[in-house]
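The next block holds one structure in the form of structure tokens; read it before the comments.
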Amino acid sequence: MPYTAEERKAYDKEYKKKNQAYIKEQQKEWREKDNGKKSKCISDWKRRGIINDDFDTVYDIYINTHTCDYCDIQLNDGDGGNRKCLDHDHDTGEIRGILCMRCNVKDVLNQERLLNQKRLLNQ
């Protein structure tokens, strides 16, 4: 006998409650695999407003880029100033390059400074 929508919802809720540790472990394992990393990375980019027709190609380029496009420093995937960032225009969503965290922050600060100067000149 098939479940009604309400019965299925109740079953799913109870299953998640009983198997919380198992589900958490499965999710952790998925995130550590290449497909999980790729999926999370692309989801993060979309959430941040990056627009592109072919995220698979962008991801391949991102994964295979090992130096900052601006300062040529060696990039890493962890924390710190050398962390790899996909730089993009926050207004258009257009990708500009793959930078280290330091250059990405500098770029944002320089853009804000330029915008402030333009605003002052237009007053």
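Only the coordinates and a few stated rules stand behind these numbers; no lab work does. These numbers were taken from a predicted model, which means no experiment stands behind them. All Cβ positions, glycine included, derive from the backbone under ideal geometry; neighbour counts span all protein chains shown.
Measuring r between the beta carbons of Arg83 and Glu25 and using R0 = 22 Å, the FRET efficiency lands at 0.25.
On the basis of the beta-carbon distance and an R0 of 25 Å, Thr57 and Glu32 show a calculated FRET efficiency of 0.60. Among the trypsin sites (Lys or Arg not before Pro) in segment 5-41, those placed in a DSSP loop whose Cβ has at most 13 other Cβ atoms within 10 Å are Lys33.
Ranking His66, Cys41, Ile51 by how far each Cα lies toward the positive end of the dipole of segment 31-74 (charges on Cβ) leaves Cys41 at the top.
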